[in-house]
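The next block holds one structure in the form of structure tokens; read it before the comments.
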Amino acid sequence: RRVMNIQPGVVYSRELLANASLDLRSTQLFSMVVLEIEPVGPEELKVTAHLENGRMRTLEAAVGTFTDNPWLVRAGWSHRNLFGRGVGIDVLGVVGTHRLGLGAGVNWLALLSPRAQTRAGLGILVEDEDAYRSRESRLELVQSFRPRRRDILNVGITASYTTVDRKNPEAEDVPESQGRLLEIWSDVKWDWTNEPLCPVSGGFFKVSATVAQPGFFSEIPYAALHLDGSMYRAPLSPAVFAGRL
């Protein structure tokens, strides 16, 4: 009921029901959402939501090759509703030629507002190169809002601590950045895909900005700006091609 966000006394409109249906589907908790209305009095309607639970557990895996890691394997597992009321967990691991990482997080639906999602996570990443060995521990808090339809606003803060141990005194490709880092970041995503979960047409555009203020906790100050766009097409159904820049 909180995610639907249809308050008693609100004026009926088709757009109101369409937005409520989209919000319920966007939780990824339900495989089917049907909203039904019926008169129950003078100028009064009752809204009934017919829902079918979706798959709460998801397992994802990927393998790739990169210039700094000849082989790299990623695997993740998530349960969207492990603790009920839209509270779930996710676990992600990565193993590569020179990389080992593990992370986990807890997420809540509609904690601050009906169209919001909150996630708190922690992780550790170890890179073991010939010249050095680094270890990064990080703690992250992310708040997501959907101001309208499928557009998304994310605001996050990440605290991390990195140590770098030089293994070869003569090596030159050793990272100099280590110590504490506090990153404050935000991104905005404009989505015009035909389908929020499995798009086959349309696309999105995203702008991301990050800043680590010098002199306040951070020993590695920096600022960054990213632009990200993608288009989806399905000329050979059921295959979907995604181009990204």
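The values are calculated or read from the model by the stated rules, or taken from the named source; none is laboratory data. Predicted model, so just to flag it, every value in this text is computed and none were measured. For neighbour counting, all protein chains shown are included, and Cβ atoms are generated from backbone atoms with ideal geometry for every residue, glycine included. When the accessible area is computed, the model is the full protein with side chains, heavy atoms only, and any ligands, DNA or RNA have been set aside. Shrake-Rupley method; radii C 1.70, N 1.55, O 1.52, S 1.80 Å.
Against the conditions (1) exposed (fewer than 13 other Cβ atoms within 10 Å of the Cβ); (2) modelled with pLDDT under 90, where does residue 226 fall short? Just the number, please.
Every condition holds for residue 226 apart from (2).
Which condition number in (1) open to solvent by 70 Å² or more (accessible area, probe 1.4 Å); (2) touching a residue at least 60 places away in the same chain (Cβ under 8 Å) is the one that residue 196 fails?
Here residue 196 meets the rest and fails (1).
Counting just the residues of the stretch 107-153 that are of a type in the set (Lys, Arg) and assigned to a strand (DSSP E or B), which one comes out most open to solvent (accessible area, probe 1.4 Å)?
Top of the filtered list is 135.
Filter the stretch 1-34 for residues that are part of a strand (DSSP E or B) and under 18 Å from residue 87 (Cα atoms); which is modelled with the lowest pLDDT?
Of all residues in the stretch 1-34, those part of a strand (DSSP E or B) come to 30-34.
Within this subset, residues satisfying the condition of being under 18 Å from residue 87 (Cα atoms) are 30-31.
Working: 30: 92, 31: 89.
So the residue we want is 31.
Looking at the stretch 72-86 only, could you name the residues that are open to solvent by 80 Å² or more (accessible area, probe 1.4 Å) and either within 25 Å of residue 127 (Cβ to Cβ) or touching a helix residue (DSSP H, G or I) at 6+ places or on another chain (Cβ under 8 Å) (or both)?
74, 77
Out of 27, 65, which single residue is of a type in the set (Ser, Thr, Tyr) and more than 19 Å from residue 115 (Cα to Cα)? Steps first, please.
Details: 27 fails: more than 19 Å from residue 115 (Cα to Cα).
After ruling out the rest, the residue left standing is 65.
Residue 62 - would you say it is of a type in the set (A, V, I, L, M, F, W, C), touching a residue at least 12 places away in the same chain (Cβ under 8 Å), exposed (fewer than 12 other Cβ atoms within 10 Å of the Cβ) and out of contact with any helix residue (DSSP H, G or I) (no Cβ under 7 Å at 6 or more places or on another chain)?
Considered against the rule, which asks whether it is of a type in the set (A, V, I, L, M, F, W, C), touching a residue at least 12 places away in the same chain (Cβ under 8 Å), exposed (fewer than 12 other Cβ atoms within 10 Å of the Cβ) and out of contact with any helix residue (DSSP H, G or I) (no Cβ under 7 Å at 6 or more places or on another chain), residue 62 comes out as yes.
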